[in-house]
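J.: Could you have a look at this structure, given as structure tokens, before my questions?
Since every read-out is calculated from the coordinates, none of them should be taken as a lab result. Bear in mind the structure is a predicted one, so any value in this text is a computation, not a measurement. Because the Cβ atoms are built from the backbone with ideal geometry, glycine has one as well, and the counts that use them run over all protein chains shown.
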Amino acid sequence: MSKKIESPVDRFPGHVILSDPLTYPQVFAFEDAIKAANEQREKDPENFGRMFYCWLPGILPCVEEWHIKGIPEHPTQDTFPATPRLAAANLMGWLVGELTVLQVEAEVVPN
């Protein structure tokens, strides 16, 4: 079963379909990307663009379908929009947040 999420970013309206549940390769890619982004932030805390770029290898494998205006049907690290900067940052933050929620939900064991 997949999970449809609506973009809250005005500049990038639409939705994506996330894999749900995530597979081991998807989880590992996401975890590796978060680690790389954190390392990048420690190395150059003012360069958020590079940190966002580090997130993409963890986000892209987890999205089954892209239906967001301004994003290609099959985006890559090289084709993902980086501008306008604030909107792109909000988009990345939203995606990372949603994937984090999805991963945490999967880790919660019901009583």
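J.: Just one of (i) 0.96; (ii) 1.03; (iii) 1.00 is Rg/Rh (Cα atoms, Kirkwood Rh) as worked out from the coordinates here. Which one is it?
T.: Correct label, based on the coordinates given: (i).
J.: Once R0 is set to 25 Å, what does the formula 1/(1 + (r/R0)^6) return for the Cβ-Cβ distance between His67 and Asp10, expressed as a FRET efficiency to the nearest 0.05?
T.: Computed FRET efficiency for His67 and Asp10 comes out at 0.95.
J.: Kyte-Doolittle mean at least 0.0 and Cα extent at least 30 Å along the axis: which DSSP H helices of the chain qualify?
T.: 85-107
J.: How large is the helix-only mean residue ellipticity at 222 nm for the chain, computed as the sum of -39500 (n - 2.57) over DSSP H runs with n ≥ 4, divided by its residue count, in deg cm²/dmol to the nearest 500?
T.: -17000 deg cm²/dmol
J.: So, one more: By its C-alpha gyration tensor, with a ≥ b ≥ c as the square roots of the eigenvalues, how is region 1-60 shaped: rounded for a/c under 1.5, else prolate for a/b larger than b/c, else oblate? Kindly include the intermediate steps, with their values, before the conclusion.
T.: Numbers: a/c = 4.00, a/b = 1.33, b/c = 3.02.
Verdict is oblate for region 1-60.
J.: Show the residues, 5+ positions off or on another chain, whose built amide H is closer than 5 Å to the amide H of Glu65.
T.: So Glu65 has HN proximity to Ile17.
J.: As an exercise, identify the GluC sites (Glu not before Pro) in region 18-60 lying in DSSP coil whose Cβ has no more than 13 other Cβ atoms within 10 Å.
T.: Glu46
J.: Something else: By a straight-distance test (C-alpha under 20 Å), which lysines pair with Lys35 as possible cross-link partners, with residues fewer than eight away in the same chain excluded?
T.: Counting by Cα, and skipping residues close in sequence, Lys35 has these lysines nearby: Lys43.
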